[in-house]
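What follows is one structure encoded as structure tokens, with my remarks underneath.
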């Protein structure tokens, strides 16, 4: 993930946030407002959108995190079962990656 010389190869998002805390703080605050603030969409629906966008961006870490956050919601689980041949939660991350 790292393209910056000051970040070790293979560094993840946590290491980048730790290296640049002044930049990370406003980003994390924005993230909270975007995914948890007032909206006509539920937090789970917004997490599902974030999982889809992360997949488009080819960021498997973010896709996995947002997928897990989305499927923790019972309403999202019900919606995902419509697309999945098996209603098991084990299929849900796969289904999220297909959107």
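Quick note: the coordinates plus some simple rules give every number you see, no bench work behind them. The structure displayed is predicted, hence computed values, not measured ones. Glycine also receives a Cβ, built like all others from the backbone with ideal geometry; neighbour counts cover every protein chain displayed.
Summary table
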{"read-out": "Sorted by Cβ density within 10 Å, fewest first, the residues 25, 5", "value": "5, 25"}
{"read-out": "Inter-site label distance for residue 83 and residue 60 at 7 Å from Cα along Cβ, in nm", "value": "1.9 nm"}
{"read-out": "Overall form of the stretch 1-68 per C-alpha gyration tensor (a/c, 1.5; a/b vs b/c)", "value": "oblate"}
